[in-house]
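Visitor: The structure that follows is given in the form of C-alpha cells.
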Protein chains: 2
Amino acid sequence: MTNDPRLTNLAATLPATVPFVGPEAQERARSAPFEARLGANESVFGPSPRAIEAMQKAAADVWMYADPENHDLRQALADHHGISADHIMIDAGIDTLLGVLVRLLITSGDHVVTSAGAYPTFNYHVAGFGGTLHQVPYKGDFEDPDALISKADEVGAKLIYFANPDNPMGSQHKAATIEKMIENVPDGCLLILDEAYIEMAPEGSAPTVAETGTRVIRMRTFSKGYGMAGARVGYAIGAVDLITAFNKVRNHFGMCRISQAGALAALKDQDWLNQVQENVQVARAWITQIAAENGLTALPSSTNFVTIDCGRDGAFAKRVLGHLIEAGIFVRMPFVAPQDRCIRVSCGTSIDLDAFAAALPTALERAKSD
Amino acid sequence: MTNDPRLTNLAATLPATVPFVGPEAQERARSAPFEARLGANESVFGPSPRAIEAMQKAAADVWMYADPENHDLRQALADHHGISADHIMIDAGIDTLLGVLVRLLITSGDHVVTSAGAYPTFNYHVAGFGGTLHQVPYKGDFEDPDALISKADEVGAKLIYFANPDNPMGSQHKAATIEKMIENVPDGCLLILDEAYIEMAPEGSAPTVAETGTRVIRMRTFSKGYGMAGARVGYAIGAVDLITAFNKVRNHFGMCRISQAGALAALKDQDWLNQVQENVQVARAWITQIAAENGLTALPSSTNFVTIDCGRDGAFAKRVLGHLIEAGIFVRMPFVAPQDRCIRVSCGTSIDLDAFAAALPTALERAKSD
C-alpha cells in the first residue's frame, strides 16, 4: 500500500474530464476574447432588470447562508405552476439536479436509456455512478420517444433521459406525444423530461404540469429563457415521494443566496420573459436567413439556438466550426453522426449575428479548401 | 414491480434529512424574524465592500455560465498561497468539496474516522456514499489527533476528518501538532484538514501550505472570515493527482459566476479581512464577558464564535438554547455529550450582542426553573 489516497474502483476507472470546454478556456488558448459568444445557448438578452436589481441588493446580504429549503422561490414556483410546493425541488441548475437524481437511482448494474448525441452531462453522471448507458438513434433530427421507451423496456432501465425541446437539434415534440410517452414508461422506470428550453418552444409543447404522475420528473431552469445561466438555479417537478428523496443526499446549503433572490425576481417579471421570447424569434429568423444566404439549411428551432446543416459530413462541419472559432465566433456542434453535419448557433444580439454573418462565408470557404 | 422509481439499495436506507435546520425555517415556525442571527457562524461583519461591488457588477453578466475551470480565482489563490494552481480545486463551498471527495474515495465497506460531535455534514456525506463511520471522543474540548490516527490505523480508514480550529468547540491545535499528525497518517489513508475558521485562528495554527504532501487535503472557504457564506465558494488544497481526480465527478458548471467575481475581489482585499479579524476579537471578548456576567464560562476561541459552557448537562443547555430562540436570538449548540453542555454563539455586532446579553439572563432563569 502506498501513501496515495485509495479511490473507489469506480472512481479509478473514470477519466478526469469535462463534458464541455468553456469559452473562457478557448479564449485563453487563443489569447483573445471571442467577438460573439454563441456557443453555450446562453441568453445574450440577459436577465430581467428586476432580477439584476434583486441580485445587486442581495450581494450585501451574502454573509448569510441561503435558506436551505428555498422556501420563497419554491412557493413562488408552486404558485406559478399551480401545484403544491412539495412537488418541487430547487438546486444549483439542472446539471446538479440530474446528478442527485442519478445518484438516487443508479448504481453498478443499473440501466439507463438516452438518445445518441443528447446531453453529455447526463451521460457523465450515469458513468460517474456506474450505470450502464444505452443510446438509441435520433429519428431524423428528432429524439425518438418510441425507440426510447422500447429500449427501456428491453433493458429494464431505471431511467430514460429525454429533452423536449431537444438540444442540440432544436427540434420539439407536441405535448400529446409527450403525454403518450409518459403513459408508456415501463413500470419501475422514470422518465426525465428535460424542459430547459421550454420557454422558447411553441404553445402546446409541454404537458400540463399538474397532470404529471410518478412516471416522469421534469427539469426546468433559469439558465435559458430567464437568462441566468451563471446563477445556477434549476428545479425539478415530480411526485412528492421522489422530490422528498432528494433530501437524502442533496447539498442542502448548496444554493447561492444571490441567485435565489435573482430567480424569484426573474419569475415575477414575465413581461421580460415575453420580450426575450420575441428577441429569440427575431434572432432565429436572422440566423436562418444567414444560413440561407450561405447556401446552408437552418433546421426549425423551438429553442434559443439554431442548428445549421452544413450540408456535408461531420469532418466538414468541424472545420467550419474551427474557422468560426478562429474568427472569434464561439459556437458548438453536435457530437454524434449524422447530427454532427451541423453547427449550433445561439440566438444573439444584432451585433453578435452581424459578426457571425461576416465570419461565416470565409469559414465555409476555408472549410471547403482545407 | 410498481410504477414508483427504484432507488438504489443505499438511497432507500437513507433518511430524508438535513444536517442543519436553517434559521429561516425557524423564523417561519415562530412567525417572527430573529433579532440576532448568531447561530451559523456567519460573518455579520459582511464581505469586503470591494467584493460587494464586484458581485453587483457581475450581476448583469449572469447570463453567461461561469468559467468551469475557475481559472482566475484559482490562479489568484495559487499566488496568495505561493503554490501552483494545479494544487487547488474550487467548488461551491466546503460542503460540496467534502461531498465530491467522499464520493471519490468511499463506498460500501470503506471506513472513515472523525470525532464524535464534529461536522455533521461530513458524516452525512459518508453515510450518503455507504461508508462506515468511526467516531472517537474529544479530549477535553479538543479534537484528539492521536486518537484519530490510532483509530484510522485500527480500522484501515481511507479518510480522517479533522477540523482545525474546531467547530463546535472553537479550540485549536498548533501547526506543529498538525504537522506531526500528517506525518502519522497511515499509508492508504487521507487526512481532511478542514480549516474553515483558519483566518480567525492565532498565528501558528496552520502548517505551511507549500509543505503538504499526499497524506492531507486542506479545505478553505470564503464563508467565514471573508463573510460570503451565501455565495458558496470554497477550495481544497492537495496533491496534484488528487486535485485532478475531482474532475472525474465534479459538477463542472456548478459555480455561480457572481460568487466567483466576489471571491476574487474579497481575496484581494486583505485589509478588510484584517478588519474582520479585529471585529471578531472584540466580539469574542464581549461574548466572554457576557457569559461571565451570567456566571457561565466561555471557552477560549480561535474562531468567529464562542462556545459557552452552561455549567450543567445537555438537557439544561438545550433549555437555555430554546429560551434564547424564543427570545429571538438564533444560536446553536453541540450535538454530543459532554460538549452539549454548551451553547455556541457567533461573533456579532454590538447590536446583536446587546440583544444576546439582554436575553441570556431570562433564558438561564427559565432553564433553571423549567
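Visitor: Among the candidates A:A317, A:A357, which residue alone is surrounded by fewer than 20 Cβ atoms within 10 Å (Cβ to Cβ), outside any loop (DSSP other than H, G, I, E, B) and small (G, A, S)?
Guide: On the way: A:A317 fails: surrounded by fewer than 20 Cβ atoms within 10 Å (Cβ to Cβ).
Within the list A:A317, A:A357, the selection yields A:A357.
Visitor: Are any residues in segment B:47-92 facing another protein chain (nearest Cβ under 7 Å), among the small types (G, A, S) and crowded, with 22+ Cβ neighbours inside 10 Å, and if so, which ones?
Guide: B:A59, B:A66, B:A92 - these are the residues of segment B:47-92 that are facing another protein chain (nearest Cβ under 7 Å), among the small types (G, A, S) and crowded, with 22+ Cβ neighbours inside 10 Å.
Visitor: Also: For segment B:204-223, which positions are within 12 Å of another protein chain (Cβ to nearest Cβ) and either surrounded by fewer than 16 Cβ atoms within 10 Å (Cβ to Cβ) or touching a residue at least 40 places away in the same chain (Cβ under 8 Å) (or both)?
Guide: First pass over segment B:204-223, keeping only residues within 12 Å of another protein chain (Cβ to nearest Cβ): B:213-217, B:221-223.
B:G213, B:I217, B:T221, B:F222, B:S223 - these are the residues of segment B:204-223 that are within 12 Å of another protein chain (Cβ to nearest Cβ) and either surrounded by fewer than 16 Cβ atoms within 10 Å (Cβ to Cβ) or touching a residue at least 40 places away in the same chain (Cβ under 8 Å) (or both).
Visitor: Regarding segment A:201-217, can at least one residue be identified that is small (G, A, S) and more than 20 Å from the chain's Cα centre (by Cα)?
Guide: Initially, segment A:201-217 is screened for residues small (G, A, S), giving A:201, A:204-206, A:210, A:213.
Narrowing the set further to residues that are more than 20 Å from the chain's Cα centre (by Cα) leaves A:210, A:213.
So far as segment A:201-217 goes, yes, one or more of its residues are small (G, A, S) and more than 20 Å from the chain's Cα centre (by Cα).
Visitor: Now for a different question. Look through segment B:188-203, keep the residues that are among the aliphatic types (A, V, I, L, M) and outside any loop (DSSP other than H, G, I, E, B), and return whichever of them is nearest to the other protein chains (Cβ to nearest Cβ). Quick ask: steps written out before the conclusion?
Guide: Our first condition is that a residue be among the aliphatic types (A, V, I, L, M); within segment B:188-203, this holds for B:190-193, B:196, B:198, B:200-201.
Next cut, outside any loop (DSSP other than H, G, I, E, B) only: B:190-193, B:198, B:200.
On the way: B:L190: 4, B:L191: 10, B:I192: 10, B:L193: 14, B:I198: 18, B:M200: 14 Å.
Looking at residues that are among the aliphatic types (A, V, I, L, M) and outside any loop (DSSP other than H, G, I, E, B), I get B:L190.
Visitor: Scan segment B:320-354 for residues that are assigned to a helix (DSSP H, G or I) and closer than 19 Å to B:F305 by Cα and report the count. Before you say what the answer is, go through the steps one by one.
Guide: Filtering segment B:320-354 for residues assigned to a helix (DSSP H, G or I) gives B:320-326, B:339-341, B:350-354.
Subset that is closer than 19 Å to B:F305 by Cα: B:320-322, B:324-325, B:339-341, B:350-354.
Number satisfying all stated conditions: 13.
Visitor: How many residues does segment B:235-262 contain that are touching a Ser or Thr at 6+ places or on another chain (Cβ under 9 Å) and either facing chain A (nearest Cβ under 7 Å) or of a type outside the set (V, I, T) (or both)? Steps first, answer last, please.
Guide: Going through segment B:235-262, the residues touching a Ser or Thr at 6+ places or on another chain (Cβ under 9 Å) turn out to be B:235, B:237-242, B:247-248, B:250-254, B:256, B:258-259, B:262.
Restricting the remaining residues to those that are either facing chain A (nearest Cβ under 7 Å) or of a type outside the set (V, I, T) (or both) gives B:235, B:238-239, B:241-242, B:247-248, B:250-254, B:256, B:258-259, B:262.
Looking only at that region, the number is 16.
Visitor: Related question: Which is among the aromatic types (F, W, Y), farther than 22 Å from B:Y119 by Cα and either in contact with a Pro (Cβ under 7 Å, 6 or more places away or on another chain) or in the same structural domain as B:E35 (by TED's automatic domain parsing) (or both), of B:F316, B:F335? Before you say what the answer is, go through the steps one by one.
Guide: Details: B:F335 fails: farther than 22 Å from B:Y119 by Cα.
Answer to the selection: B:F316.
Yes/no matrix, rows are residues, columns are (1) over 19 Å from the mean Cα position of the chain (by Cα); (2) of a type in the set (A, V, I, L, M); (3) surrounded by fewer than 22 Cβ atoms within 10 Å (Cβ to Cβ):
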residue	(1), (2), (3)
B:G225	no, no, no
B:I243	yes, yes, yes
B:K248	yes, no, yes
B:F253	yes, no, no
B:A261	yes, yes, no
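Visitor: Going through segment B:170-192 one residue at a time, which ones are without any contact (Cβ under 8 Å) to a residue 40 or more places away in the chain, touching a strand residue (DSSP E or B) at 6+ places or on another chain (Cβ under 8 Å) and either farther than 25 Å from B:N274 by Cα or buried (at least 24 other Cβ atoms within 10 Å of the Cβ) (or both)? Break it down into steps so the answer makes sense when it comes.
Guide: The first filter runs over segment B:170-192 and keeps only residues without any contact (Cβ under 8 Å) to a residue 40 or more places away in the chain, leaving B:173-189, B:191.
With the extra rule that they be touching a strand residue (DSSP E or B) at 6+ places or on another chain (Cβ under 8 Å), the set shrinks to B:173, B:178, B:181-182, B:185, B:189, B:191.
Of everything in segment B:170-192, those that are without any contact (Cβ under 8 Å) to a residue 40 or more places away in the chain, touching a strand residue (DSSP E or B) at 6+ places or on another chain (Cβ under 8 Å) and either farther than 25 Å from B:N274 by Cα or buried (at least 24 other Cβ atoms within 10 Å of the Cβ) (or both) turn out to be B:M181, B:I182, B:V185, B:C189, B:L191.
Visitor: I'd like the residue in segment A:193-203 that is in contact with a Lys or Arg (Cβ under 6 Å, 6 or more places away or on another chain) and without any contact (Cβ under 8 Å) to a residue 60 or more places away in the chain and, out of all such residues, is surrounded by the fewest Cβ atoms within 10 Å (Cβ to Cβ).
Guide: Step one: filter segment A:193-203 for residues in contact with a Lys or Arg (Cβ under 6 Å, 6 or more places away or on another chain), giving A:193, A:195-197.
Next, from what is left, pick out any that are without any contact (Cβ under 8 Å) to a residue 60 or more places away in the chain: A:193, A:195.
Working: A:L193: 26, A:E195: 23.
Among residues in segment A:193-203 that are in contact with a Lys or Arg (Cβ under 6 Å, 6 or more places away or on another chain) and without any contact (Cβ under 8 Å) to a residue 60 or more places away in the chain, the one surrounded by the fewest Cβ atoms within 10 Å (Cβ to Cβ) is A:E195.
Visitor: Specify which of the listed residues (A:V126, A:V136, A:V100) is away from every other protein chain (no Cβ under 13 Å) and under 21 Å from the mean Cα position of the chain (by Cα). Step through it out loud before you land on a result.
Guide: Numbers: A:V126 fails: away from every other protein chain (no Cβ under 13 Å); A:V100 fails: away from every other protein chain (no Cβ under 13 Å).
Among A:V126, A:V136, A:V100, only A:V136 is away from every other protein chain (no Cβ under 13 Å) and under 21 Å from the mean Cα position of the chain (by Cα).
Visitor: If we only count helices (runs of 4 or more DSSP H) wholly inside segment B:222-314, which ones have 3 or more residues that are more than 30 Å from A:G130 (Cβ to Cβ) and out of contact with any strand residue (DSSP E or B) (no Cβ under 9 Å at 6 or more places or on another chain)?
Guide: Where helices (runs of 4 or more DSSP H) fall fully within segment B:222-314 and carry at least 3 residues being more than 30 Å from A:G130 (Cβ to Cβ) and out of contact with any strand residue (DSSP E or B) (no Cβ under 9 Å at 6 or more places or on another chain), they are B:257-268, B:270-293.
Visitor: Please go through segment A:20-51 and pick out each residue that is among the aliphatic types (A, V, I, L, M) and in contact with a His (Cβ under 9 Å, 6 or more places away or on another chain).
Guide: Our first condition is that a residue be among the aliphatic types (A, V, I, L, M); within segment A:20-51, this holds for A:21, A:25, A:29, A:32, A:36, A:38, A:40, A:44, A:51.
Once the filter is applied, which keeps residues that are among the aliphatic types (A, V, I, L, M) and in contact with a His (Cβ under 9 Å, 6 or more places away or on another chain), segment A:20-51 yields only A:A25.
Visitor: Looking at B:E154 and the list (1) within 13 Å of another protein chain (Cβ to nearest Cβ); (2) under 15 Å from B:D110 (Cβ atoms); (3) assigned to a helix (DSSP H, G or I); (4) not basic (K, R), which single condition is not satisfied?
Guide: Looking at each condition in turn, B:E154 falls short on (1).
Visitor: Could you list, in sequence order, all residues of segment A:1-26 that are at the interface with chain B (Cβ under 9 Å from one of its Cβ atoms) and closer than 17 Å to A:F356 by Cβ?
Guide: A:P23
Visitor: Only residues that are farther than 20 Å from A:L101 by Cβ and surrounded by 18 or more Cβ atoms within 10 Å (Cβ to Cβ): list them for segment B:1-26, please. Steps first, answer last, please.
Guide: If we filter segment B:1-26 for residues that are farther than 20 Å from A:L101 by Cβ, which is where we start, we get B:19-26.
Selection gives B:G22, B:P23, B:E24.
Visitor: Restricting attention to segment B:160-177, does a residue exist that is within 14 Å of chain A (Cβ to nearest Cβ) and over 13 Å from the mean Cα position of the chain (by Cα)?
Guide: yes
Visitor: B:A118 - would you say it is modelled with pLDDT of 95 or more and within 14 Å of chain A (Cβ to nearest Cβ)?
Guide: Numbers: modelled with pLDDT of 95 or more: yes; within 14 Å of chain A (Cβ to nearest Cβ): no.
Answer is no for this residue.
Visitor: Only one of these conditions is not met by B:I106: (1) more than 24 Å from the chain's Cα centre (by Cα); (2) within 10 Å of chain A (Cβ to nearest Cβ). Which number is it?
Guide: Against the list (1) more than 24 Å from the chain's Cα centre (by Cα); (2) within 10 Å of chain A (Cβ to nearest Cβ), B:I106 comes up short only on (1).
The values are calculated or read from the model by the stated rules, or taken from the named source; none is laboratory data. Treat the numbers as computed from the prediction; the structure is a model and nothing was measured. We place every Cβ from the backbone using ideal geometry, glycine too, and count neighbours over all the protein chains shown.
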